[in-house]
Amino acid sequence: MTFDDFSTLARSRRTHMLVDRDREVGPETIERLCELATWAPNHKRTWPWRFASFTGDGRIRLGEAFVDDMCERGVGDQGKHLKTLGKYARTPAVVVVGCAANEHPTFHEENRDAVAAGIQNLLLGATALGLASFWSTAPLMDSRRAIELCGFDAGDRIVGVIYLGYPSSTVEAPERPPVSVRHIDS
Ligand SMILES: Cc1cc2nc3c(=O)[nH]c(=O)nc-3n(C[C@H](O)[C@H](O)[C@H](O)COP(=O)(O)O)c2cc1C
């Protein structure tokens, strides 16, 4: 692979969920993408990534888990709760990516960095497979019910909720400001 090939892939990844809602994203595809995520760098080899895949009615259960915790904690209003209940059904598949805790404060932060790097692998893999992807922040990163539903440990945190589906449309790339690099060589 050339730099140009990789550059084209990285630049063509877009955050969007304009997808064919009737075209499933199979479990093998999800597993390939999650496995690809694990090739991210990971200081101390703590292997902190956690994955849970939601399709079909599972997507509704995910929304319910978040909303139950939001209500319990007084987070959001009724409109927000209603939106959250249905939002995970907007794409055929949703992958929740969690991060394991670490008792060492630096390793704890580095775990999250490694998981974020893993998510980028997953998104680029999805792009290479012709999938649309959308990294979203969970309504509660520490939702007890959602974490339980995902099968994660109680101390794990949700780093991203990733929507996946086959695109029905394309979107414009948001412009990036010019990059600025300070070179210090003496
Ligand atoms: C940690 C993280 C959390 C994000 N959460 C959201 C989100 O909750 N809602 C959303 O619309 N976009 C979210 N995004 C996606 C960004 O909005 C998106 O990357 C940005 O607009 C640039 O668009 P692009 O990814 O197509 O280049 C998130 C991105 C990251 C890295």
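None of the figures in this text is laboratory data; all of them are computed from the coordinates on show. What you see is a predicted model, and the numbers here were worked out from it, not measured in a lab. All Cβ positions, glycine included, derive from the backbone under ideal geometry; neighbour counts span all protein chains shown.
Quick look at the values:
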quantity: Exposure proxy ranking, count of Cβ atoms within 10 Å, fewest first, for Val181, Val95; calculated: Val181, Val95
quantity: Sites matching GluC sites (Glu not before Pro) across region 50-129 that sit in DSSP coil, with at most 14 neighbouring C-beta atoms within 10 Å; calculated: Glu103
quantity: 10 Å binning of all Cα-Cα separations within the chain, expressed as whole percents from 0 upward; calculated: 9, 33, 34, 19, 4, 1
